[in-house]
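These notes concern the structure reproduced below.
The values are calculated or read from the model by the stated rules, or taken from the named source; none is laboratory data. The structure presented is a predicted model; accordingly, all values stated were derived computationally and were not measured. In this analysis, Cβ positions are derived from the backbone assuming ideal geometry, glycine residues included, and neighbour counts consider all displayed protein chains. Heads up: the accessible areas ignore ligands, DNA and RNA and are worked out on the full protein's heavy atoms, side chains in. Shrake-Rupley method; radii C 1.70, N 1.55, O 1.52, S 1.80 Å.
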Amino acid sequence: MRLFAARHARVASTGLCYGRQDVPTLIDDEEAAGRILQELGEDRCHVSAVWSSPAKRCRLPAERLARNLGVPIHLSEELQEIHYGAWEGQPWETLERDDGQRLKRWMDVLPD
């Protein structure tokens, strides 16, 4: 079995700790699905299913992709991005200013 993974398109909310919030992407769903199809190339005939996070930025292009490939789509909560709790929806610069020590401790545990 082969696995092909794709991340959602860049979001239009730069500098924002968005986590699980629905934020728009810089390209539309059709273009995002088209880019994935292009990357798949000839391997598209081997795709048996599409799995996606339920977040709109992931789900909408995944639905187009699955429809185009004629395969089922499966939504999984386990594929959602991290939930940042009280930080969610806040600009990173605000977090640095208002909660800098805790943010630094959290960032320090991330792998390089």
- Query: Given I27, L40, A12, which one lies farthest toward the positive end of the charge dipole of the chain, if we put +1 on the Cβ of every Lys and Arg and -1 on the Cβ of every Asp and Glu?
  - Reply: L40
- Task: Would you mind computing, in nm to one decimal, how far apart the modelled labels at D98 and C45 are, each placed 7 Å from Cα along Cα→Cβ?
- Result: 5.5
- Query: Given the C-alpha centroids of the range 93-112 and the range 66-86, what is the distance between them in whole angstrom?
  - Reply: 27
- Item | Full-stretch length increase - E31, E81 - with 0.36 nm per residue and alpha-carbon distance subtracted | 15.8 nm
- Sum -39500 (n - 2.57) across every DSSP H segment of at least 4 residues in the chain, then divide by the residue count to get the 222 nm mean residue ellipticity, nearest 500. -12500 deg cm²/dmol
- Query: Which percent of the accessible heavy-atom area of the chain goes to carbon and sulfur, probe 1.4 angstrom?
  - Reply: 49
- Task: Over 18 Å, how big is the tail of the calculated P(r) for the chain, in percent of all Cα pairs?
- Result: 57
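In square angstrom, what is the accessible area per residue of the chain with a 1.4 angstrom probe?
Accessible area per residue, the chain: 73 Å².
When you count, for each residue, the other Cβ atoms within 10 Å and take the mean per peptide, how do 85-94, 62-71, 19-28 rank with the highest first? Could the numbers behind the result be given before it?
Values: 85-94: 13.0, 62-71: 17.4, 19-28: 14.8.
Final packing ranking: 62-71, 19-28, 85-94.
Excluding T25 itself, calculate the net charge of residues whose Cβ lies under 10 Å from the Cβ of T25, where each Lys or Arg counts +1 and each Asp or Glu counts -1.
0
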